[in-house]
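Asks: What follows is a single structure, and I will ask about it in a moment.
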Amino acid sequence: QVQLVESGGDLVQPGGSLRLSCAASGFMIRLSTMDWYRQAPGKEREFVATITSGGDTNYVDSVKGRFTISRDNAKNTVFLQMNSLNPENTAVYYCHTYITKNYWGRGTQVTVSS
C-alpha cells in the first residue's frame, strides 16, 4: 500500500528556512519520480519541484536557487529544503508520486509571516 506522509511545515519569518520531509512506504522512492506541489489559499495546486529516479531535478522558476529537492533512499524519504522564504511561499505542501495512478500525501502547512 503506497503511503506518503509529509512533515516539517511550520510558521517561519520571512527570510527563514524550513526542511520538509516526505516519508514513503509501500514502494521504493529510488525507482520513482517524486514531486513536491503546493496549494496556497484560494489558488490551484501547483508544481514546485521534482526528482527523478536518476537524480535529475527540476523546479518552478519562482523557487530556483532557493529550494532544493533531495532524497535519502535508505530512509525512503524525500526532502524539500526551502531557504529565503517569503510570504508568497505560504501554502500547504504536498508530496506526490505516480505509480500506475497518482498518490498524494495529506500535506504540511508552511506559513511565512512576521
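Asks: Name the single residue that is farthest from residue 111 (Cα to Cα) among those in region 26-40 being out of contact with any Ser or Thr (no Cβ under 8 Å at 6 or more places or on another chain) and not small (Gly, Ala, Ser).
Replies: Step one: list which residues in region 26-40 are out of contact with any Ser or Thr (no Cβ under 8 Å at 6 or more places or on another chain), which gives 26, 28, 37-39.
So of that shortlist, the ones also not small (Gly, Ala, Ser) come out as 28, 37-39.
On the way: 28: 30, 37: 15, 38: 12, 39: 12 Å.
Filtering region 26-40 for residues that are out of contact with any Ser or Thr (no Cβ under 8 Å at 6 or more places or on another chain) and not small (Gly, Ala, Ser), the one farthest from residue 111 (Cα to Cα) comes out as 28.
Asks: Among the residues of region 30-48, which ones are over 23 Å from residue 73 (Cβ atoms) and polar (S, T, N, Q)? Reasoning before the result, please.
Replies: Looking only at region 30-48, we keep the residues that are over 23 Å from residue 73 (Cβ atoms), and these are 38-46.
Passing the criteria: only 39.
Asks: Out of all the residues in region 16-25, is one or more more than 13 Å from residue 94 (Cβ to Cβ), among the small types (Gly, Ala, Ser), touching a Lys or Arg at 6+ places or on another chain (Cβ under 8 Å) and modelled with pLDDT of 95 or more?
Replies: Yes, that holds for at least one residue.
Asks: Being more than 13 Å from residue 5 (Cβ to Cβ) and in contact with a strand residue (DSSP E or B) (Cβ under 6 Å, 6 or more places away or on another chain) is the filter here, so list the residues in region 87-114 that pass it. Spell out how you get there, then give the answer.
Replies: Residues of region 87-114 that are more than 13 Å from residue 5 (Cβ to Cβ), as a first pass: 87-92, 98-102, 109-114.
Within region 87-114, 87, 89, 90, 91, 92, 109, 110, 111, 112 meet the criteria.
The values are calculated or read from the model by the stated rules, or taken from the named source; none is laboratory data. Bear in mind that the values here come from a model prediction, so they are computed numbers and not experimental data. No Cβ is skipped: glycine too gets one built from the backbone with ideal geometry, and neighbour counts run over all protein chains shown.
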